[in-house]
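> Pasting a structure here, questions to come.
The values are calculated or read from the model by the stated rules, or taken from the named source; none is laboratory data. Computed from a predicted model, the values in this text were never measured in an experiment. Cβ atoms come from the backbone with ideal geometry, glycine included; neighbour counts cover every protein chain shown. Quick note on the areas: whole protein, heavy atoms, side chains included, nothing else; ligands and nucleic acids left out. Shrake-Rupley method; radii C 1.70, N 1.55, O 1.52, S 1.80 Å.
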Amino acid sequence: MPLRTVLLWALCVGASFIALAVYSKTPGPTGSPPIDAESDAGSPSAWRSSAWRIVMAIHPQCSCTGASLVELRRLLTRYDDRLTCELYVYRPSDKSADWSDSAIVRTARRTPGVTIIDDLDGAGARRYGIATSGGVVLYDSNGVPHYHGGVTGSRGHEGANAGSHAVVSVLDGADESPSSRPTYGCSLFSTSGDEA
């Protein structure tokens with residue numbers, strides 16, 4: 001094989017790895033959570049019996065979201081006595097319920113402490129300022145947000161990360177100041193689950 005061909009192949013492979021690395025570390029779009037969730041009439045009220053409430057919005061077709069659900073499960077397991085979750089599953093109004101019945105959503109249904117909400121056209125996600133699949137907002141019992149962002153360190157990667165650490169710090173009482181981190185995932189408001 002000529003040297004030029006080998007070098008071209010190596011260049012293409014290297015460029016592909018670099019593009020993948022950049023993509024995995026590129027956060028999705030962000031929004032801002034409402035200051036006081038208790039004033040939000042559209043929100044379910046059962047959470048008020050819990051000390052803390054975490055809201056997550058997901059795109060059922062986003063392959064990156066599985067890692068976010070793993071991190072969510074870890075948080076709910078660690079704080080099962082004082083943390084509940086509302087999980088908003090994006091669905092365009094022109095799609096049937098089967099469209100959002102993906103493996104990711106079926107996994108989420110088996111997660112204790114999670115209430116699944118069919119989120120038509122992303123109205124709930126928008127209300128909470130979540131624009132990227134896997135984004136969360138952590139509220140105290142008074143409906144005040146303490147954290148807004150993702151719970152993974154990059155797209156589709158589980159494990160220790162700044163987002164989960166920030167949530168743990170709040171729940172353990174080590175940090176009471178509101179904080180945010182990037183959310184790594186697909187745009188919520190795309191029917192394919194790909195970046196818009």
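> Show the residue pairs that are 6+ apart or on different chains and have beta-carbon atoms under 8 Å apart, the first residue being within the range 73-89 and in a loop (DSSP other than H, G, I, E, B), the second being surrounded by fewer than 21 Cβ atoms within 10 Å (Cβ to Cβ) and not hydrophobic (A, V, I, L, M, F, W, C).
As it stands, the answer is Asp80/Pro112; Asp80/Gly113; Arg82/Ser50, since those pairs meet every condition given.
> Only one of these is touching a residue at least 60 places away in the same chain (Cβ under 8 Å) and among the aliphatic types (A, V, I, L, M): Val136, Val114, Val105. Name it.
Just a single option satisfies the conditions, and that option is Val136.
> Among (1) open to solvent by less than 20 Å² (accessible area, probe 1.4 Å); (2) free of Cβ contacts under 8 Å to residues at least 12 places away in the same chain; (3) not β-branched (Val, Ile, Thr), there is one condition Ala160 misses while meeting the rest; what is its number?
(1)
> Continuing with the same structure: Taking the conditions exactly as written (hydrophobic (A, V, I, L, M, F, W, C), closer than 15 Å to Cys64 by Cα and under 15 Å from the mean Cα position of the chain (by Cα)), does Ala125 satisfy them or not?
Here the answer is no, as Ala125 does not meet what is asked.
> Counting just the residues of the range 83-117 that are open to solvent by 20 Å² or more (accessible area, probe 1.4 Å) and acidic (Asp, Glu), which one comes out nearest to His146 (Cα to Cα)?
Only one residue tops the list, namely Asp101.
> Name every residue in the range 118-144 that is out of contact with any Phe, Trp or Tyr (no Cβ under 8 Å at 6 or more places or on another chain), buried (at least 16 other Cβ atoms within 10 Å of the Cβ) and charged (D, E, K, R), in order of residue number.
Arg126, Arg127
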